[in-house]
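Worksheet: the structure to be examined is printed underneath.
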Amino acid sequence: MSRLKEKMHPVHVVLVHFPSALYPFSLVMDSLGIYQSNLSFSASAYYALLFAFLSSLLAALFGIIDYLKIQAESKAFRTASIHGALNVLWMFGFAVAIKLRYNHFNADEQPSMIYIFTLTVLVIGMAFSNHLGGDLVFRHRIGAKKSNPPIDTKNR
């Protein structure tokens, strides 16, 4: 079993790319839908938002598993705690966005500019959380092979 585990990629690190791409994609599709007055873009945005949220839940599950392996006294634990707490906040915001979209999806309406602004804030916030996640992988080696040395970001 340990040989199999050594050959597998860390699941959380693999899964986070789906919501990281699909949330901004949803924002772009909604923006194009408004700009082009085309509900097809809005439909694409809705399904991207939904799939992003579902993949976020799966990534979060594996993120919690990784989190529980971090020593509580380490700097990585503090960074991981902030990363996780922010992601819970963003996921709550995206859940509200899905609910708002679901209420208007069957109507012939484009999302409001308030919705677009809110989604923009959520996507920017998620990008900051992603930065913290990258810090965990590249600096603290969480979810990375321990045999590879940390990347020295100070001398770049």
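Any read-out appearing in this document is the output of simple, stated calculations on the displayed coordinates, not a laboratory observation. Here the structure is a predicted model, which means the values were calculated and not measured. A quick note on method: Cβ atoms are made from the backbone with ideal geometry, for glycine too, and the neighbour counts reach across all protein chains shown.
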### Message
I need the phi-derived Karplus couplings for the stretch 131-143: 6.51 cos²θ - 1.76 cosθ + 1.60, θ = phi - 60°, integer Hz, Gly and Pro marked x.
### Response
4, 5, x, x, 4, 4, 6, 7, 8, 9, 6, 6, x
### Query
Mind listing the phi-derived Karplus ³J(HN,Hα) values for the stretch 33-44, rounded to whole Hz, using 6.51, -1.76 and 1.60 with θ = phi - 60°, and x for any glycine or proline?
x, 5, 5, 8, 6, 10, 5, 5, 5, 5, 5, 4
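Quick one: which of 95-102, 70-77 comes out on top by average Cβ neighbours within 10 Å, and what's the full order, highest first? List each step's numbers first, then the result.
Values: 95-102: 15.4, 70-77: 12.5.
Per-residue mean Cβ counts within 10 Å order the peptides as 95-102, 70-77.
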### His104-Tyr35 FRET efficiency (beta carbon distance; Förster radius 30 Å; 0.05 resolution)
0.95
### Task
Between Ala85 and Leu61, with labels modelled 7 Å along Cα→Cβ, what's the label distance in nm to one decimal, could you check?
2.6 nm
